[in-house]
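Only one structure is covered here, and it is reproduced in the block below.
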Amino acid sequence: MKRAAAGSPPAIVALDLSVAYEGRPALTGVTFSVPAGTLAGVLGPNGAGKTTLLRALLGVVSHTGSVEVNGSTSYVPQLSAVDRTFPVDALGVVLMGRYPRLGWLRAPRANDRRVAAELLDQMGLSDRARSPFASLSGGQRQRVLVARALAQEGEVMLLDEPLTGIDAASQEVVLRVLADHCADGHTVCMTTHDLAQAARVCDRLLILDGRLVAEGPTREVFRPEIIRAAYRAELLSLDGETALVHHGVHPAP
Amino acid sequence: MRRALVEAVLAGALCGALGCFVLVRGLAFFGESISHTIVLGVALAFLAGLPVSLGAAALAAVTVLAVQAIGAGGRLSRDTAIGILLPSLFGAGVALIALSEGYRSRLEDVLFGSILGVTDADLILAAAVAAAVAGALLLAGKELALVAFDRSTARAMGYSVRLLDLLLLGLVALAAVVALRAVGNLLLTALLVGPPVTARMLCRRFWPMVALAAALGAGAGIAGLYATWYFDVGAGPAIALAVGCVAVAASLVAQGRRWERRRAATAGAGPQ
């Protein structure tokens, strides 16, 4: 396992990043950087701008300030953004991750199928490769979407609430795979409402509330006063490293 | 009759294949709409002494661009845009037809098709559209399917989803122009939605569904024409009826499969 070399440029740099929808600010003056090889968690209450931040990093929303992502990106949307009734099997979904490198005209080839099958195996789903996506559980569907993002072989993976609404076993598989991905030198940035999991697995945290509340190594940022300042009324309980918040679903980018 | 058969096969296959994208994208209302708005193009072309297909294609293009422009604004949904365009353009088309004395008698052809009267020019148009659709699906079929499955990731991958939307709407519009001759504007939805729905009941993956829907559309065209020949009924309605019969048969097969699976599962569970 290898981490990104010390002294290598950060994978993500945002300077005074602001995004507004129809004049209504969603994110204001956010400045942060994420070192390469880091698992970064983006926290914040509903409407804090977590999904907007991902949109800005992906370059699909107009913004002021600057955003720099060093390397190609892959993306895992919220489960609700995917049409689960679409007629496709798990292997077919993972193969979609190969489309950008295939280009127009070309269909996936034997090597793409091999890569997709290996990734499904890595996610513990080799026996469900030919199962319709619609027949999978929420956790299995999420694992398939993570496998699809891995198939893109991007340097920076962005995930929008990958732990929301899935079973504990699937959460463990997803988090283990993301940690391994970072250990290989890739960078992962995920939004989540699961504060306990974020505190447990993330190297760094960004805490948002329409602006940047705090940013830095998890042990420095995951502090009761900072979490309370960001979540306010949405925080149900905060006990050491365990915290519960109301969470909802945001529109996809 | 031979020309009619070729037209029916091409129109059925085109609508069947593209209808799969219409189905998974929830664009059935757009398909219905385009079949109505092109009536204005047909009427204008007749009044100007131009080929009817040219007028239909022009209005199809206007509809696609207008729907896309209104939908892209973000304030109105695409369905709302269609809800505004459909009655306006269709109403204008019917009014023009009513004003043109010579054309009133051919209103039935527009509404229900006139496949037995297809010309060589119609066949050339249908073949050209079929080639264009096949080329477009070879070029960007997997990207169009990706947009249908997961629009946000398609955008994140760098695809211009609006351009792909425009491509799909344009292809559906072209297919509608061809199918107008075969089944008319009132029954076009049968070809655009029926075979894909039938194929969806029988297929678990998208591309086999597209292939089956194209085959079913072509088959319905042939069956409808034979029904016309033997039972002396209108070709358009006969083709639409054939589509309906195949859909009912497929739903019975799908239901049978479900019962079979349930019975196998119950037998596998064993006595309690």
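A few remarks follow.
- Semi-axes of the equivalent ellipsoid for the protein assembly as shown, Cα gyration tensor, largest first, Å: 50, 27, 19
- Cα gyration tensor shape for segment A:121-173, rounded if a/c is under 1.5, else prolate or oblate: oblate
- Rg/Rh (Cα only; Kirkwood hydrodynamic radius) as it applies to segment B:220-268: 1.34
- Annotation for B:Trp229 and A:Val60: the two label points, set 7 Å from Cα along the Cα-Cβ direction, are 5.1 nm apart.
- For A:Tyr75, the residues 5 or more places off, or on other chains, whose built amide H falls under 5 Å of its own are A:Leu158.
- Normalised by residue number, the volume inside the convex hull of the Cα atoms of segment A:140-201 is 76 Å³ per residue.
- Bridges between two residues of the protein assembly as shown, per DSSP, are antiparallel at a rate of about 55%.
- For segment B:125-142, putting each phi into the Karplus relation 6.51 cos²θ - 1.76 cosθ + 1.60 with θ = phi - 60° gives couplings of 4, 4, 5, 5, 5, 4, 5, 5, 5, 4, x, 5, 5, 5, 6, 9, x, 5 Hz, in residue order, rounded to whole numbers and with x for Gly and Pro.
- Simple Cβ-charge dipole of the protein assembly as shown, Lys/Arg +1 and Asp/Glu -1, about Cα centre, in debye nearest 20: 800 debye
- For segment A:1-145: span of alpha carbons on each principal axis (Å, largest first): 46, 38, 32
- Amide H contacts for A:Ile12 (H built 1.01 Å from N in the peptide plane; partners 5 or more residues away or on another chain; cut-off under 5 Å): A:Val34, A:Asn70.
- Three-way shape call for segment B:63-168 based on the alpha-carbon gyration tensor, with the a/c threshold at 1.5: oblate
- The Stokes-Einstein estimate for segment B:1-132, based on a Kirkwood radius over Cα pairs and taken at 10 °C with 1.306 mPa s viscosity, is a diffusion coefficient of 101 µm²/s.
- Computed lengthening from B:Arg257 to B:Leu99, 0.36 nm per intervening residue step minus Cα-Cα distance: 51.5 nm
- Interchain or long-range residues, amide H under 5 Å from A:Leu205's placed H: A:Gly41, A:Gly216, A:Thr218
- Percent of alpha-carbon pairs separated by more than 14 Å within segment A:34-117: 76 percent
- Expected-Rg normalisation [2.2 N^0.38 Å, Cα atoms] applied to segment B:1-73: 1.27
- Between A:Tyr75, B:Val210, B:Leu225, the Cα set farthest toward the positive side of the dipole of the protein assembly as shown (charges on each charged residue's Cβ, about the Cα centre) is that of B:Leu225.
- DSSP H segments from chain A that extend 15 Å or more along their own axis, Cα-based, with Kyte-Doolittle mean of -0.5 or above: A:138-151, A:168-183
- Shape category assigned to segment B:2-265 from the gyration tensor of Cα positions, a/c cut at 1.5: oblate
- Local electrostatic count, A:Gln140, Cβ distance below 10 Å [Lys/Arg +1, Asp/Glu -1]: +2
- Farthest towards the positive end of the charge dipole of the protein assembly as shown, among the residues B:Ser160, B:Leu186, A:Met190, is the Cα of B:Leu186, using unit charges on the Cβ of Lys, Arg, Asp and Glu.
- One way to sum up the overall shape of chain A is the equivalent ellipsoid from its Cα gyration tensor, whose semi-axes run 29, 20, 18 Å, largest first.
- Note on segment B:111-227: Rg/Rh from Cα positions, Kirkwood definition for Rh, rounded to two decimals, is 1.00.
- With the helix formula -39500 (n - 2.57) applied to DSSP H stretches of n ≥ 4, chain B reaches a computed 222 nm mean residue ellipticity of -30000 deg cm²/dmol.
- Taking the convex hull of the alpha carbon positions in segment A:73-154 and averaging its projected area over all directions gives 5.1 nm².
Bear in mind these aren't lab numbers, they're just calculated from the coordinates by the rules spelled out. This is a predicted model, so every value here is computed, not measured. Note that each Cβ is placed from the backbone with ideal geometry, even for glycine, and that neighbours are counted across all protein chains shown.
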